[in-house]
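**Q** Have a look at this one before I ask anything.
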Amino acid sequence: MTAQHATRQGDVAANNVAASLGHGTARAYRHHDLGFAVDLGGVQAAANPLGVPLSGLLAGAVTRGYHLAAMPGNRVRVAADWLLDAALPRQAVQLGLVSSWSVPLDTSSPEVARLPAGHGPDGTRKRPGRDLEGHGNDGRPDTGRPGTE
């Protein structure tokens, strides 16, 4: 059962409770299957709206149309995003959290990152005259004020 079925059953149950209190008439729940729509990514999709079996690009269009109609807002932005994704090549995004060279995938322990000389554990370059914790050459914390090192 999905949330859509539960919502429909809840409406009938609420009306039946009101009918038991003398407001309206009770009725049985009748399920009306409208089919399914599944986007499998890319140009692959499957749909069976109102008993009509579809697959491929046509099913993808029906699926996207159904999901777009079911959205409460931002339909124009989402539709434009889908059109741009279909027309333009996929974007390569790097978040910069971990550099790709620092994660060795060819070893038995890829969780240990390699760091080049002069870089701290977070991948940032160390400042000259300071250790990784920000202490100066004398070992005291760096306050950022001149003459306090």
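**Q** What do you get for Rg/Rh of the range 21-93 when both radii come from the Cα atoms and Rh is the Kirkwood radius?
**A** The Rg/Rh ratio comes out at 1.21.
**Q** Quick check: at a probe of 1.4 Å, how many percent of the accessible area of the range 30-85 sits on carbon and sulfur atoms?
**A** Within the range 30-85, the accessible surface is 65 percent carbon and sulfur.
The values are calculated or read from the model by the stated rules, or taken from the named source; none is laboratory data. All figures in this text were calculated on a predicted structure; none of them were measured in a lab. To get the accessible areas, we keep the full protein, side chains included, count just its heavy atoms, and leave off ligands, DNA and RNA. Shrake-Rupley method; radii C 1.70, N 1.55, O 1.52, S 1.80 Å.
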